[in-house]
């Protein structure tokens, strides 16, 4: 498939990619740290040829088609079992394919929660039944029922294939119990994924604490509500790690880090040799707390100029902007980007959180937290590239390589290898010359709770191939567009 055309037939989701020729595309390979003009051939679902053009590090004009490795989402909610009115496994995987993701890790706050092997097997069976080639992993809960009073059946969950352990939106308040979880997970060679929140400091909070919250009359969530929890978790990690044999050392992953102070704490912990990783979300990189007030500038546009009323483009109190942790300041967003640039932040995860209209069509402080974001993640990140905030290699590394390092042994025989010849094709093809409008008709997810509705994002995903099979094909492609 060149920029103009290719021979073949229109593929369907789930079919093996029998032949695909990608000629003069801009290919980004974060595994090798290389990007540039290349040609790639897929035959029988496997990469059979990769040829880099010479002297094309700064091709002018650059090719319109962008090829990235298949993306991995470390943090998504597909709501099955229990809340299928908000999302099903099938709709979530369709949305993931549309977003360019070929592997997703599901959080365990389902109904019932994934605190035993029976529910985990139910989730994996639903993934298999969907027919999607996207690989699904799922975390088990850290504590039984996510209640924070006793550990879950961590050993049984590990034996059943859990990717790690997390109570996600219910942080483990008992420090001793959390320390035990770190030690036990370390012995199982799996990671603990922690949502860092000191609920004593965030009780009743509706949005980020600051000027915008004061003007809107909403209760503020202080940065300390996250940073105190991060500091505690790191202290426990260091203590448990010193008392644990190297072969069973605990690993901690802090998910959706959102403040400058939290990033700095992780930076210092890594410098001290602690086994900690973290991720940030696309919405915390690109949006800011002014969006709650109707400001629609991107975070880098609002840097140094917080919302004071003059930048409002939309009505305030849009509940699609209510997330946990909340949208922070433009300065926080820049600190997250700086963490990605210097390697402090390991990954970008969507925290895809679809909700029904009923759960969002209420007063701001009563609305469910979360943005349906797995389909808009790549577009937001391409915006950061266009703005010079991040570069393509950094984005690709955070969406492909970083997640693999976080998951570690949980991936077993499927760690990913980029564009190595002979391996199953795992890639996404994006037309950077096209934009697409975020609207209910364009989204595959059942969740429509996005503050980006009605906006145009760069980079139209043309196709996603997972393990050699089509996970998404743009229906606008002509019958002869794919081979």
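The values are calculated or read from the model by the stated rules, or taken from the named source; none is laboratory data. Predicted model, so just to flag it, every value in this text is computed and none were measured. In this analysis, Cβ positions are derived from the backbone assuming ideal geometry, glycine residues included, and neighbour counts consider all displayed protein chains.
For the reader, a short list of remarks on this structure follows.
- Some residue of the stretch 177-185 being in the same structural domain as residue 291 (by TED's automatic domain parsing), touching a strand residue (DSSP E or B) at 6+ places or on another chain (Cβ under 9 Å), in a loop (DSSP other than H, G, I, E, B) and buried (at least 17 other Cβ atoms within 10 Å of the Cβ): no
- Residue within the stretch 211-228 that is assigned by TED's automatic domain parsing to the domain that holds residue 78, under 24 Å from the mean Cα position of the chain (by Cα), under 24 Å from residue 399 (Cβ atoms) and in contact (Cβ under 8 Å) with a residue 40 or more places away in the chain present: yes
- If you filter the stretch 209-220 down to residues that are under 17 Å from residue 333 (Cβ atoms) and touching a strand residue (DSSP E or B) at 6+ places or on another chain (Cβ under 6 Å), you find that the one that is surrounded by the fewest Cβ atoms within 10 Å (Cβ to Cβ) is 213.
- Residue within the stretch 373-382 that is farther than 21 Å from residue 457 by Cβ, touching a residue at least 24 places away in the same chain (Cβ under 8 Å) and out of contact with any strand residue (DSSP E or B) (no Cβ under 7 Å at 6 or more places or on another chain) present: no
- Some residue of the stretch 308-316 being touching a residue at least 24 places away in the same chain (Cβ under 8 Å) and touching a strand residue (DSSP E or B) at 6+ places or on another chain (Cβ under 7 Å): no
- Single residue of 431, 456, 426 found to be closer than 19 Å to residue 99 by Cβ, without any contact (Cβ under 8 Å) to a residue 24 or more places away in the chain and out of contact with any helix residue (DSSP H, G or I) (no Cβ under 8 Å at 6 or more places or on another chain): 456
- In this entry, residue 390 passes the filter for residues that are touching a helix residue (DSSP H, G or I) at 6+ places or on another chain (Cβ under 8 Å), over 17 Å from residue 101 (Cα atoms), in the same structural domain as residue 350 (by TED's automatic domain parsing) and in a loop (DSSP other than H, G, I, E, B).
- Residue match in the stretch 30-50 (condition: at pLDDT 95 or above, under 30 Å from residue 354 (Cα atoms) and surrounded by 20 or more Cβ atoms within 10 Å (Cβ to Cβ)): yes
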